[in-house]
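Please read the structure below before turning to the comments.
The values are calculated or read from the model by the stated rules, or taken from the named source; none is laboratory data. Here the structure is a predicted model, which means the values were calculated and not measured. Every residue, glycine as well, gets a Cβ built from its backbone with ideal geometry; the counts of neighbours run over all protein chains shown. Calculation scope for accessible area: heavy atoms of the full protein, side chains included, ligands and nucleic acids excluded. Shrake-Rupley method; radii C 1.70, N 1.55, O 1.52, S 1.80 Å.
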Amino acid sequence: MTRALIIGAPRSGAGKTSVTIGLLRALSRRGLRVRGIKSGPDYIDPGFHQAATGRQGLNLDSWAMEPDLVQHLLAEAAEDTDLLLIESAMGLFDGIAGGEGRTGSAADLARLLHIPVLLVLDVSGQSQTAAAVAVGFRHYDAAVRIAGIVLNRAGSDRHVRLSKTAIEQAGLSVVGAVMRNETLSMPERHLGLVQASEHPAIQSHIDRLADVMEEALDLDAILSLAVPIAPAAGATIAHLPPPGQRIAIASDAAFTFLYPHLGRHWRAAGAELVPFSPLADEAPPADCDACWLPGGYPELHAGALAGAQNFKAGLQRFAETRPVHGECGGYMVLGEGLEDSDGVSHAMTGLLSHSTSFARRKMNLGYRQARLLADGPMGNAGALIRGHEFHYARVTDPGRDAAFAEIADGTGTPIGLSGGRRGRVTGTFFHAIARVTC
């Protein structure tokens, strides 16, 4: 039977991603079939999880996904898998006021699925005080069980001894300590980590993380903390339907952020995903009946995209008869212009009339609920879609197109109109995760 364990921390930056990736590889070395799961909407970490295990990553999001869909996705992930390691986003209890069990936090998954937590504590700048933090986590929510502690960024053997003794005297188990080592950090850019596909030596870096975890942590003890799970079959009604039978998916260094659960469901529903590369000046294949431009980093490749005349002309021909949808970076490319970080403007596809800038930055971050204003590739007018927005680009010219959706934040507070639509072309800054059915 598949076992599962959640890896959490008090905050972002505590080192849980490095610990998770190292554990995924270290436990895979033992011959276990291990899969990584990310709690929340993070679309970068699942790529590192897949690089560490060879098994496709997954997001589970208690706010964006109805409980039946969470159960279904977990049941799928457990197939032919010995161990699921679920990495928390931000702090273990961090979420929004989305209702009971729907905050988006990893703690929701711990309660819903009865999975214990391995807590990663960054003990730099403290020692015995770490015990107070650990005890606070143990008592904060009786339905979330803290099963063990990993000390991270310890400075010396004495530092480890002081922290560990205090925590164990408080009745919690310490399963190891990772010493301070800046070379273990993952590279970052403005949206967080550099993607696994971009890391120049990803496999050697993961191996180094695994070597450290094998030496620093008691892997047998960690395995003993994982509990058998038997997830309910759940339901797929809240899945986003495939936008076509043969879907042209932009896929290269500029277009990368397609949630794994979407691609998997679309294939399971009988659709075929056909990748093409705008950076290689490829147009969407003519035998496809829909085109999807995912998010990514078009601002880093704006010059190349501006010069990709075959791509731009082919996308325009495609859009005359078939739907085209762009999310975040894809939405930026559908506009008339994109200003890069140096303030240089580049002509984009012009299928929508807005313009965006990465030079004049403004961070937009948070859950979004969108009500579609017209029939399109995501569903019919009036349908509710839950998703997430995270970008620094801003719209400098809203253009003249009709809006794609009315959006609200995660608490239901209206934000206004979002995105654009013209003919068969639609786009928006938010990344769709799942439908609302109840």
Check: With all protein chains present, how much of the accessible area of the chain (probe radius 1.4 Å) comes from carbon and sulfur, to the nearest whole percent?
Finding: 49
Checklist line | Shape metrics for the stretch 8-76, restricted to C-alpha atoms - Rg then Dmax, Å | finding: 12.6, 35
Next item on the list: On a C-alpha basis, how far is the centre of the stretch 355-410 from the centre of the stretch 8-35 in Å? Whole number, if you could?
Entry: 33
Notebook entry, point to check: In deg cm²/dmol and to the nearest 500, what is the mean residue ellipticity at 222 nm of the chain if only DSSP H runs of at least 4 residues count, each as -39500 (n - 2.57), divided by the residue total?
Noted result: -8000 deg cm²/dmol
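Looking at the stretch 14-121, which GluC sites (Glu not before Pro) are in a loop (DSSP not H, G, I, E or B) and have at most 12 other Cβ atoms within 10 Å? Could you put the intermediate results ahead of the total?
On the way: sites: 76, 79, 87, 100; in loops: 79, 100.
When the GluC sites (Glu not before Pro) of the stretch 14-121 are filtered for loop state and at most 12 Cβ neighbours within 10 Å, 79, 100 remain.
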Item checked: Size of electric dipole in the chain: Cβ of Lys, Arg +1 and of Asp, Glu -1, about Cα centre, debye, nearest 20 -> 480
Check: For the stretch 14-24, in order, what is each residue's ³J(HN,Hα) by Karplus, 6.51 cos²θ - 1.76 cosθ + 1.60 with θ = phi - 60°, in whole Hz (x at glycine and Pro)?
Finding: 7, x, 5, 5, 5, 5, 4, 4, x, 5, 4
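For the stretch 197-340, build the convex hull from the C-alpha positions and give me its volume per residue in Å³.
Values: hull volume 22.7 nm³, N = 144.
Dividing the Cα hull volume of the stretch 197-340 by its residue count gives 158 Å³.
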Next item on the list: Keeping all protein chains in place, calculate the accessible area per residue for the stretch 1-59 (probe 1.4 angstrom), answer in Å².
Entry: 28
Next item on the list: For every other residue with a beta carbon closer than 12 angstrom to the beta carbon of residue 7, add +1 if it is Lys or Arg and -1 if Asp or Glu, then tell me the sum.
Entry: 0
Check: Counting Lys and Arg as +1 and Asp and Glu as -1, what is the net charge of the other residues whose Cβ lies under 14 Å from the Cβ of residue 436?
Finding: +1
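Computed FRET efficiency, Cβ-Cβ of residue 128 and residue 280, R0 56 Å: what is it to the nearest 0.05? Before the final figure, lay out each step's value.
Numbers: r = 57 Å, r/R0 = 1.01.
With a Förster radius of 56 Å, E is 0.50.
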Next item on the list: Return the sequence-ordered ³J(HN,Hα) values of the stretch 389-395 in whole Hz as given by the Karplus equation 6.51 cos²θ - 1.76 cosθ + 1.60 applied to θ = phi - 60°, using x for Gly and Pro.
Entry: 10, 8, 7, 10, 5, 10, 7
Check: Under 5 Å between amide H atoms, partner at least 5 residues away or on a different chain: which partners does residue 86 have, H built in plane at 1.01 Å?
Finding: 5, 6, 7, 37
Next item on the list: Compute from the Cα atoms of the stretch 350-406 the Rg and the Dmax, the latter being the longest Cα-Cα distance, and quote both in angstrom.
Entry: 12.9, 35
Notebook entry, point to check: For the stretch 357-371, in order, what is each residue's ³J(HN,Hα) by Karplus, 6.51 cos²θ - 1.76 cosθ + 1.60 with θ = phi - 60°, in whole Hz (x at glycine and Pro)?
Noted result: 9, 9, 6, 9, 7, 8, 6, 10, 9, x, 5, 9, 10, 10, 9
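Give, rounded to the nearest 20 debye, the magnitude of the charge dipole that the stretch 241-355 has about its Cα centre when Lys and Arg contribute +1 at Cβ and Asp and Glu contribute -1 at Cβ. Numbers along the way, then the final one.
Working: 6 positive and 13 negative charges, 92 e Å.
Roughly 440 debye, rounded to the nearest 20.
Between residue 218 and residue 80, what is 0.36 nm times their sequence separation minus the Cα-Cα distance? Round to one decimal in nm.
Working: separation 138, 0.36 × 138 = 49.68 nm, distance 2.50 nm.
Extra length available between residue 218 and residue 80 comes to 47.2 nm.
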Next item on the list: Grab the other residues whose beta carbon is less than 11 angstrom from that of residue 80, score K and R as +1, D and E as -1, and report the net.
Entry: 0
Checklist line | Rg followed by Dmax, in Å, when the chain is reduced to its Cα trace | finding: 22.3, 69
Next item on the list: For the chain, set up a Gaussian network in which alpha carbons nearer than 10 Å are linked by springs, and say which option among 173, 156, 277 fluctuates the most.
Entry: 156
Checklist line | Under 14 Å from the Cα of residue 312 - aspartates and glutamates, other chains or at least 8 residues apart | finding: 281, 282, 320, 336
